[in-house]
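J.: Below you will find the structure I want to go over with you.
Read the figures in this text as sums done on the coordinates, not as results from a lab. Everything numeric here is computed off the predicted structure, so don't read it as measured data. No Cβ is skipped: glycine too gets one built from the backbone with ideal geometry, and neighbour counts run over all protein chains shown.
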Amino acid sequence: MNKKTIEIINVMSLRGPNLWTYRPVIEAWVDIGDLEDSPSNTIPGFYERLTAWLPGLIEHRCGIGERGGFLLRLRDGTWPAHIMEHVMIELQNLAGVQTGFGKARETSKRGVYKVAVRARYEEVGRAALVAARDLVMAAIEDKPYDVSGTVKNLSELAESVALGPSTASIVDTAGERRIPALRLNDGNLVQLGYGHRSRRIWTAETDQTSAIAESISSDKDLTKSLLSSCGVPIPEGRMVSSPDDAWDAAEDIGIPVVVKPSDGNHGRGVSTDLNTREDVIAAFHLADKEGSGVIVERFIRGDEHRLLIVGGKLVAAAKGEIATVTGDGVSNVTELINSQLNTDPRRGESEEFPLNVITYEEEPTVLLVLERQGLGPDSVPEAGKTVLIQRHGNVAFDITDEVHPQVAAAASLAARIVGLDIAGVDLVAQDISRPLEEQGGAIVEVNAGPGLLMHLKPASGKPRPVGQAIVEHLFPEQVNGRVPLVGVTGSRGKTMVTRLIGRMLQLHGPNAAVACSDGLFLGQRRMDKNDCANWQAAHRVLMNRAVEAAVIEHGFRSILTEGIAYDRCQVGVVTNIDDDASLPDLYIDDADQVFNVARTQVDIVLPDGIAVLNGADERVARMAELCDGDVIFFSASPDNDVVAQHRAQGGRAVYLRNGQVILANGAHETSLVKMSAIGISNLDKRAYVAENVLAAVAAGWALGIASDVILAAAETFDYGA
């Protein structure tokens, strides 16, 4: 019986560094059945169908390393699992989720392959996997396939689960500085850094943004009162309680006036340049729908501007432009808006567009603006007539370099008065390059959690590095948000090594967390008695803002099925790899394949970090050349060739000589303690324990822990029977 189909038999989300790469991936096991005997060059029309559906595949370099490399493989003949890998990548790219990494590898079982593809968002990766299988099968069987519909669905899924562009700009900038990021919810709450050195952001709000300041900024009347008392120029105005009261206020202030919600945002419900009772009353009703109160204030002549203040400094500024259409004597106003404004590629409904699509539902003030001109949506303006559509809401044109220093200072003062570390200061001025007082300009609002897109992707002008400014505000130069972090893996001894290193850190001073097979420990307290040598427990440690240092155990199975919870570590320890090590249920069939799993712990050691490796284990010792940082070898024997050669090159090692634990730095040796003094029972029958002690001592040395503290930890640790 022929079985020419592709079956997805297992899917794993590897959410951190893993066997394949540093980044999260979706790993799928696929069974291609009898298609093992049908490479791509044996299927009539397959190449033409696939490339017609996905012409972007020409950009895939594949292992050949040049444009068109994958298509060359496709012509010469390759197998469905490899093709699925590239289709999965291309579908995510078309959906706006940029992906470049992918691998497909045979397993020891005929027809079964492992396919691993970078997955920025797990949900999108899983959906792209299924879509890739279906598309490849359609191309094999010469059946129709709706590529555009699939891409649309993936795009919508990506938009629903992805970080917003403002948050993403901050996270991406943090990544460039090697500051790790942990997403804390399905939205835009993100932790930058680990443990007690971490900071948190929620779009453009940070853990320094106080609730009081945010409450003040949302109360426009209170904000104006505070700004006025400190000499910041503001428009006169007051809260009003009814349409009649709004007109009374307008008369007291003097027309023209502005009517707006007291706690609105994004310009919704704001009506400007109002001169008649009818206009003010109509504007009151619009504003009343948007907020909990209504303000009437003096109309300031000029353009709207948004100044972004971060940590007291101006980092970006944008200007608004009036939206108009020109009549043609045939089209009505609605048709003119759609043809002359909404066709602008800079307008869209999602966050990625700097300008909004103009609709009467989203922008009800447009109807009032038209009414004041004697027009309605169905009116047909005469040819050449300019019709005002929107006086505000288009603040997306970069003018950062034009801002007068005194204007920047006034905006910075306004943010400080309200108490916001990050603020969007709205002001109206005719010329932003002149002081406000000279032109009767004024600050009209101070906003918490300001949008960043107008500065990241302005409708015109230069994009501004606002994400960088926020990261620098949270993490001054040389601060990377990391705590001392040790990762431990190996075939044997890793739990004991993990706990002994944790004991050293506890005596050293930091509030150290330990996640291992024996449970989860914070300081002297056992938080969880279950096996915590896994991704979830490690993630709990990294999120805990009381943690000042961490030691985390990883088994080979955990690395293969979950990935490592952190991106990089200061110290990576590999205790050993047994000669008979294997995980056949995961298609890891021998110790040489286990080597590729264990090396993950060494691959993620920071450039200024240290790998602690067993010099007596040939496979583990080979990992030294893979480490970005330094290496400390440990060995029961000082005569080990690896250790001797390493010392000859000035390297560090920990070993036993005449029963003494020795710390060697090049040719220099320091005796730490006699092994017999540590109090390990039945040492002659538990030689592996001595090796564990050496590994932990080497890790403590790598962390910079003083010798007397390492000694005290070794002497007081409970090694069991």
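J.: What whole number of Å gives the distance from the Cα centroid of segment 181-232 to the Cα centroid of segment 80-144?
T.: If we compute the Cα centre of each part, the gap is 41 Å.
J.: On to the next question. Indicate, rounded to the nearest 5 percent, the antiparallel portion of the DSSP beta bridges found entirely in the chain.
T.: If we restrict to bridges inside the chain, about 75 percent are antiparallel.
J.: Still on this structure, please answer the following. When only C-alpha pairs under 8 Å and at least 6 residues apart count, what is the relative contact order of the chain, in percent?
T.: Values: 1590 pairs, mean separation 78.7, N = 721.
RCO, the chain: 11 percent.
J.: So, one more: Just report the Cα centroid separation between segment 375-404 and segment 528-547, whole Å.
T.: When both Cα centres are located, 54 Å separates them.
J.: Could I have the simple spin-label model distance between L222 and D328, label points 7 Å from Cα toward Cβ, reported in nm to one decimal?
T.: Inter-label distance under the simple model: 5.1 nm.
J.: If we restrict to alpha carbons, what Rg and Dmax does segment 585-721 come to, in Å?
T.: Both quantities, over Cα of segment 585-721: 15.3, 47 Å.
J.: PRE reach from L189 (point 7 Å along Cα→Cβ): which of segment 524-540 fall under 16 Å by backbone N?
T.: Output list for this probe position: 540.
J.: Right, another one. Just the Cα atoms of segment 323-390, one point each, no solvent: what log10 I(q)/I(0) does Debye give at q = 0.12 Å⁻¹?
T.: For segment 323-390 at q = 0.12 Å⁻¹, log10 I(q)/I(0) is -0.29.
J.: Kindly identify segment 7-161 as rounded, prolate or oblate by the Cα gyration tensor criterion: order the square roots of the eigenvalues as a ≥ b ≥ c, call it rounded if a/c is under 1.5, otherwise compare a/b with b/c, prolate if a/b is larger, else oblate.
T.: rounded
J.: Can you give the relative contact order of segment 154-246 as a percent, counting alpha carbon pairs under 8 Å and 6+ residues apart?
T.: 15 percent
J.: Let me ask another. Identify the residues of segment 488-515 with backbone N under 18 Å of a label point that sits 7 angstrom from the Cα of Y688 along the Cα-to-Cβ direction, or state none.
T.: 488-501
J.: Which value, in Å to one decimal place, does the Kirkwood hydrodynamic radius take for the chain when every pair of different Cα atoms is included? Provide the component values of the computation, followed by the final result.
T.: Working: mean 1/r = 0.0335 Å⁻¹.
Evaluated over the chain, this radius sits at 29.8 Å.
J.: Here is a follow-up. Kindly put L663, L694 in sequence by how many other C-beta atoms sit within 10 Å of each C-beta, fewest to most.
T.: Lowest to highest Cβ neighbour count: L663, L694.
J.: For the chain, find the longest principal axis of its Cα atoms and tell me its angle to the long axis of helix 707-716, 0 to 90°, nearest 10.
T.: For 707-716 against the chain, the angle is about 70 degrees.
J.: Over every pair of different alpha-carbon atoms in segment 485-716, take the mean of 1/r and invert it; report that Kirkwood radius in Å.
T.: Working: mean 1/r = 0.0573 Å⁻¹.
Its Kirkwood hydrodynamic radius stands at 17.4 Å.
J.: At a threshold of 8 angstrom on Cα-Cα distance, excluding pairs fewer than six apart, so keeping six or more, what relative contact order does segment 482-563 reach in percent?
T.: Relative contact order comes out at 37 percent.
J.: How far is helix 494-508 tilted off the main Cα axis of the chain, in degrees rounded to 10, range 0 to 90?
T.: Roughly 70 degrees, rounded to the nearest 10.
J.: Going by how many other Cβ atoms sit within 10 Å of their own, how do L370, L91 line up, fewest first?
T.: Values: L370 20, L91 25.
In increasing order of surrounding Cβ atoms, one gets L370, L91.
J.: Rounded, prolate or oblate: which fits segment 406-477 when a ≥ b ≥ c are the square roots of the eigenvalues of the alpha-carbon gyration tensor, with rounded for a/c under 1.5 and prolate only if a/b beats b/c?
T.: Taking the square roots of the gyration eigenvalues as a ≥ b ≥ c, segment 406-477 is oblate.
J.: Efficiency by 1/(1 + (r/R0)^6): what FRET value for D34 and D589, r their Cβ-Cβ distance, R0 = 30 Å, to the nearest 0.05? Display every interim value, and only then the final one.
T.: Working: r = 24 Å, r/R0 = 0.79.
In this case the efficiency is close to 0.80.
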